[in-house]
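Quick notes on the structure that follows.
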Amino acid sequence: MSTFALKVLLAAAGFTLSGMALAAATLVQDVRVFDGKAMHERRSVLFDDEKILDADFRGAAPKDARVISGAGRTLLPGLIDAHTHAFTGLDLPLLFGVTTQVDMFTAVPLMQAVKRSMAAGQNAGRADLFSAGTLATAPNGHGTQFGVPIPTLSSPDQASAFVDERIAEGSDFIKIVLEAGGQGTSKMNSLDVATARALIEAAHRRGKLAVVHVSNEADARAALEAGADGLVHLFLGAAPDAQAAASLAQLAKRKGAFVIPTFTVLESAAGVRDGEELLADPGLAPLVDRAGIATLKARYGAQAKPQALAMPKAVTAALRKAGVPILAGTDAGNAGTLYGISMHRELVALVAAGLSPTEALAAATSAPATAFKLGQRGCIAKGCKADLLLVDGNPAQDIKATRRIVEVWKDGQSANPLRDARRQKVAQESGAASRQALPPDGRISDFSAARLGSAFGSGWMASTDQFAGGKSTVKLEVLPPLPDGQVPLAVQASVAPGLPFAWSSVAFMPGAQPMQAVDLSAAKTLRFKVRGDGKTYQAMLMGAGNQRPSMVPFVAGKEWQEVSVPLKDFAGIDPAAVAMLAFSAGPQPGDYRFELVDVRLLEQE
Ligand SMILES: [Zn+2]
């Protein structure tokens, strides 16, 4: 029984409700309603702390109901992000109107914890989670590079057992990676198509969906031919010819598959910065903290290649024309994306790719609910879950109206107290954060036998890939002073194979705590003296919220040499939130030795 029905019953029986912990029903009156598929100009919607009681309520407001005016506003189902990696930031989606996340790979214990709180009816304070749990990939394949040890497979005969193990862990569906050739400079293994097909068939035998990560057209076709229920990415490239895009779309249509383009992460990979406009939005920006800003500003692509977005745009337009379900998903958890807020970028990108605003809204509500069989979500109708988003204006006319959030409800409970608290926290943080002053001579290295000191921050220390599961080691040794009195530091590094981004380094921590972000925007140039074995090394800068550091190579020759690196050469790093500066051997495995002295951060370019 709903609490509302219970209240009516109790009231009728003459009971008083005082002291009972029953949430009041809420009535949003005379509001434009997007029901998940279509817009209705004027309705009143009544819901309790569980579900929608009446999506077209007429008559006087029930006694005790909280009444909210809907004039000039639009009520939408809570948004569903169809592609995230919910490793962290579980509190974020709700702040921006995202009430359900479909996760494509996260830590199994985290997935299980959220599912327990959903089952207990105690998840009103954050978005619900549907998850693949561990993805299916090859040994050393995409998904293994994050330092979390995961089970892998390499042949079709292992598929059934793999799927059974995922289902036993609580996976809602199976996510499969086809990633031939790897990404960037790192070569990665991939499952073969036969194994992907065996996984899809095993999932289907167990009544589960199987979706596939692809990053090129050939893999997309292979996944669809193998029976994938959905593709969880499109891929970058120059504009395809119209026939190729149409034939891929028709294949998806024939196979009954859905597609999640993930423009947000593709924009990051293409190095374009259009998505940063989120941070200029007065409705959204006050909810984004410093670490969030850095994550949103990070980019996988070092150089802007906007033309590479022609492919996913053209394919999305072709999918729409063919009637293939398109789902809004951000790939949040990656550089250039952020949980919740990035959905408002994805909606704009979908409209730019040819969806009508109403179709884009469906892609973020009813389409993922149907595709992933999420039950009574993504809809405003009697019995639908009371996960709702109220905005000013009409997003069917201007898709950016989704950003003008008036209120968010999760399980019928207002998330506005959470939104207010976040706004306050962000305001406090930006008041407190100030630009780190640099020492007059810029010198940040203060090495002595007693300590590896620094002008500010928490000093210098060894940093290797061991915390990400690697096996690289490093030994630091303070050397006798040079004639000018400066004390050099010898760095003896052994970089072990295994990780695609192996490193072994000495690192300067600018914050009071190691890895605490500091505003280093006063610094324009990194200057240091180095000598060594003639090998190539990396100057590395790590930003708050970045998954991997940005690197600029230098050579350590036999004689002392001064090296200057403009800080702007560290692509994708926000100088206002720097967590670590390091001098690293690697990524090629081997033994290395270099000496470092007189490291400075200078205000001059
Ligand atoms: Zn992903």
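The values are calculated or read from the model by the stated rules, or taken from the named source; none is laboratory data. Worth saying up front: this structure is predicted, and the values here are computed from it rather than measured. Neighbour counts are summed over all protein chains in view; Cβ atoms, including those assigned to glycine, are modelled from backbone coordinates with ideal geometry. Remember, those area values only see protein heavy atoms, side chains included, never the ligands or the DNA or RNA. Shrake-Rupley method; radii C 1.70, N 1.55, O 1.52, S 1.80 Å.
Within the stretch 246-265, is there a residue that is without any contact (Cβ under 8 Å) to a residue 40 or more places away in the chain, farther than 27 Å from ALA369 by Cβ and open to solvent by 30 Å² or more (accessible area, probe 1.4 Å)? So that I can check it myself, show each step before the final result.
Step one: filter the stretch 246-265 for residues without any contact (Cβ under 8 Å) to a residue 40 or more places away in the chain, giving 247, 251, 254-256.
The next check asks that each one be farther than 27 Å from ALA369 by Cβ; those that pass are 247.
From the residues that got through so far, the ones that are open to solvent by 30 Å² or more (accessible area, probe 1.4 Å) too are 247.
Yes, the conditions are met somewhere in the stretch 246-265.
Which numbered condition in (1) at negative phi; (2) open to solvent by 20 Å² or more (accessible area, probe 1.4 Å); (3) more than 16 Å from the ligand (Cβ to nearest atom) is the only one that LEU110 fails?
Among (1) at negative phi; (2) open to solvent by 20 Å² or more (accessible area, probe 1.4 Å); (3) more than 16 Å from the ligand (Cβ to nearest atom), the lone unmet condition for LEU110 is (3).
Take the residues of the stretch 234-243 that are surrounded by fewer than 24 Cβ atoms within 10 Å (Cβ to Cβ) and within 16 Å of the ligand (Cβ to nearest atom): which is farthest from GLY301 (Cα to Cα)?
Step one: of the stretch 234-243, the residues surrounded by fewer than 24 Cβ atoms within 10 Å (Cβ to Cβ) are 235-243.
From what is left, the residues that are within 16 Å of the ligand (Cβ to nearest atom) are 235-236.
Numbers: PHE235: 14, LEU236: 11 Å.
If we take residues in the stretch 234-243 being surrounded by fewer than 24 Cβ atoms within 10 Å (Cβ to Cβ) and within 16 Å of the ligand (Cβ to nearest atom), then PHE235 is farthest from GLY301 (Cα to Cα).
Taking GLN424 as meeting all but one of (1) in contact (Cβ under 8 Å) with a residue 12 or more places away in the chain; (2) more than 29 Å from ILE260 (Cβ to Cβ), write down the number of the exception.
Among (1) in contact (Cβ under 8 Å) with a residue 12 or more places away in the chain; (2) more than 29 Å from ILE260 (Cβ to Cβ), the lone unmet condition for GLN424 is (1).
Looking only at residues in the stretch 218-242 that are of a type in the set (A, V, I, L, M) and more than 27 Å from the chain's Cα centre (by Cα), which one is nearest to LEU178 (Cα to Cα)? Steps first, answer last, please.
Going residue by residue through the stretch 218-242, those that are of a type in the set (A, V, I, L, M) are 218, 220, 222-224, 226, 228, 231-232, 234, 236, 238-239, 242.
If we keep only those that are more than 27 Å from the chain's Cα centre (by Cα) too, we end up with 226, 242.
Numbers: ALA226: 12, ALA242: 25 Å.
Ranking the candidates gives ALA226 first.
So LEU581 clears everything in (1) part of a loop (DSSP other than H, G, I, E, B); (2) open to solvent by less than 30 Å² (accessible area, probe 1.4 Å); (3) of a type outside the set (Phe, Trp, Tyr) except one condition, right? Which one?
Of the numbered conditions (1) part of a loop (DSSP other than H, G, I, E, B); (2) open to solvent by less than 30 Å² (accessible area, probe 1.4 Å); (3) of a type outside the set (Phe, Trp, Tyr), the odd one out for LEU581 is (1).
I'm told ALA302 meets every condition in (1) outside any helix (DSSP H, G or I); (2) within 16 Å of the ligand (Cβ to nearest atom) except one. Can you identify the failing condition by its number?
That leaves (2) as the condition not met.
So which of LEU355, LEU438 ends up being out of contact with any Pro (no Cβ under 7 Å at 6 or more places or on another chain), modelled with pLDDT of 95 or more, open to solvent by less than 60 Å² (accessible area, probe 1.4 Å) and in a loop (DSSP other than H, G, I, E, B)?
Details: LEU438 fails: modelled with pLDDT of 95 or more.
That would be LEU355, the only listed residue that is out of contact with any Pro (no Cβ under 7 Å at 6 or more places or on another chain), modelled with pLDDT of 95 or more, open to solvent by less than 60 Å² (accessible area, probe 1.4 Å) and in a loop (DSSP other than H, G, I, E, B).
Does GLN307 meet the test of being polar (S, T, N, Q), more than 16 Å from the ligand (Cβ to nearest atom), under 26 Å from HIS204 (Cα atoms) and surrounded by fewer than 18 Cβ atoms within 10 Å (Cβ to Cβ)?
Judged against the criteria, GLN307 is not a match.
Condition test on THR264, is it out of contact with any helix residue (DSSP H, G or I) (no Cβ under 7 Å at 6 or more places or on another chain) and within 16 Å of the ligand (Cβ to nearest atom)? Can you show your working first?
Numbers: out of contact with any helix residue (DSSP H, G or I) (no Cβ under 7 Å at 6 or more places or on another chain): no; within 16 Å of the ligand (Cβ to nearest atom): yes.
It is false that THR264 is out of contact with any helix residue (DSSP H, G or I) (no Cβ under 7 Å at 6 or more places or on another chain) and within 16 Å of the ligand (Cβ to nearest atom).
(1) closer than 21 Å to VAL232 by Cα; (2) over 20 Å from the mean Cα position of the chain (by Cα): which one isn't true of GLU169, the others all being true?
Here GLU169 clears every test but (1).
Would you please list the contacts, defined by Cβ atoms under 6 Å and residues six or more apart or on different chains, that run from a residue in the stretch 284-297 that is among the hydroxyl-bearing types (Ser, Thr, Tyr) to a residue that is in a helix (DSSP H, G or I)?
No pair meets every condition.
If LEU596 passes every condition in (1) under 21 Å from ALA493 (Cβ atoms); (2) free of Cβ contacts under 8 Å to residues at least 60 places away in the same chain but one, which one does it miss?
Of the numbered conditions (1) under 21 Å from ALA493 (Cβ atoms); (2) free of Cβ contacts under 8 Å to residues at least 60 places away in the same chain, the odd one out for LEU596 is (2).
So the check is Cβ under 9 Å with 6+ separation or different chains; which pairs have a first residue in the stretch 449-469 that's within 19 Å of TYR537 (Cβ to Cβ) and a second one that's among the charged types (D, E, K, R) and open to solvent by 20 Å² or more (accessible area, probe 1.4 Å)?
Between residues of the stretch 449-469 that are within 19 Å of TYR537 (Cβ to Cβ) and residues that are among the charged types (D, E, K, R) and open to solvent by 20 Å² or more (accessible area, probe 1.4 Å), the close pairs are LEU452/ASP446; TRP460/ASP446; TRP460/ARG451; ALA462/LYS475; THR464/LYS471; ASP465/LYS471.
Hey, any hits in the stretch 330-351 for a residue that's surrounded by 23 or more Cβ atoms within 10 Å (Cβ to Cβ), among the polar types (S, T, N, Q) and either more than 18 Å from the chain's Cα centre (by Cα) or assigned to a helix (DSSP H, G or I) (or both)?
Yes: one or more hits.
Among the residues that make up the stretch 517-540, is at least one of them within 18 Å of GLY301 (Cα to Cα) and either of a type outside the set (Phe, Trp, Tyr) or assigned to a loop (DSSP other than H, G, I, E, B) (or both)?
So far as the stretch 517-540 goes, yes, one or more of its residues are within 18 Å of GLY301 (Cα to Cα) and either of a type outside the set (Phe, Trp, Tyr) or assigned to a loop (DSSP other than H, G, I, E, B) (or both).
Specify the residue that is nearest to PRO139 (Cα to Cα); the eligible residues are those in the stretch 475-503 that are out of contact with any Gly (no Cβ under 7 Å at 6 or more places or on another chain), open to solvent by less than 30 Å² (accessible area, probe 1.4 Å) and in a strand (DSSP E or B).
ALA493
Do you know which of the residues in the stretch 185-207 that are under 26 Å from the mean Cα position of the chain (by Cα) and either in a loop (DSSP other than H, G, I, E, B) or within 16 Å of the ligand (Cβ to nearest atom) (or both) is surrounded by the most Cβ atoms within 10 Å (Cβ to Cβ)?
The extreme case among them is LEU191.
Please verify whether VAL506 is among the aliphatic types (A, V, I, L, M), assigned to a strand (DSSP E or B) and in contact (Cβ under 8 Å) with a residue 60 or more places away in the chain, treating the condition exactly as stated. Give the steps one after another, and end with the answer.
Values: among the aliphatic types (A, V, I, L, M): yes; assigned to a strand (DSSP E or B): yes; in contact (Cβ under 8 Å) with a residue 60 or more places away in the chain: yes.
So VAL506 passes the test.
Answer yes or no as to whether ALA582 is in contact (Cβ under 8 Å) with a residue 12 or more places away in the chain and under 27 Å from the mean Cα position of the chain (by Cα). Quick ask: steps written out before the conclusion?
Values: in contact (Cβ under 8 Å) with a residue 12 or more places away in the chain: yes; under 27 Å from the mean Cα position of the chain (by Cα): yes.
In short, yes.
Could you list, in sequence order, all residues of the stretch 57-97 that are away from the ligand (no atom under 16 Å from the Cβ), assigned to a strand (DSSP E or B) and surrounded by 17 or more Cβ atoms within 10 Å (Cβ to Cβ)? Full working, then the answer.
First, the residues of the stretch 57-97 that are away from the ligand (no atom under 16 Å from the Cβ): 57-79, 90-92, 94-97.
From what's left, assigned to a strand (DSSP E or B): 66-69, 73-77, 79.
Across the stretch 57-97, the qualifying residues are ILE68, ARG73, THR74, LEU75, LEU76, PRO77, LEU79.
Could you count how many residues in the stretch 113-137 are within 15 Å of the ligand (Cβ to nearest atom), over 16 Å from the mean Cα position of the chain (by Cα) and farther than 26 Å from ASN189 by Cβ?
0
Of all residues in the stretch 214-228 being within 16 Å of the ligand (Cβ to nearest atom) and open to solvent by 10 Å² or more (accessible area, probe 1.4 Å), which is farthest from LEU135 (Cα to Cα)?
So the first thing to find is which residues in the stretch 214-228 are within 16 Å of the ligand (Cβ to nearest atom), and the list is 214-216, 219-220, 223, 228.
Still in the running and open to solvent by 10 Å² or more (accessible area, probe 1.4 Å): 215-216, 219.
Values: SER215: 16, ASN216: 19, ASP219: 17 Å.
Residue satisfying both the conditions and the ranking: ASN216.
Quick check on the stretch 411-429. Is at least one of its residues in a loop (DSSP other than H, G, I, E, B) and among the basic types (Lys, Arg)? Lay out the reasoning, then the answer.
Initially, the stretch 411-429 is screened for residues in a loop (DSSP other than H, G, I, E, B), giving 411-412, 415.
Keeping just the survivors that are among the basic types (Lys, Arg) gives none.
Looking through the stretch 411-429, none of the residues is in a loop (DSSP other than H, G, I, E, B) and among the basic types (Lys, Arg).
Which of the numbered conditions does GLU50 fail, given that it passes all the others? Conditions: (1) crowded, with 20+ Cβ neighbours inside 10 Å; (2) touching an Asp or Glu at 6+ places or on another chain (Cβ under 8 Å); (3) among the charged types (D, E, K, R).
(1)
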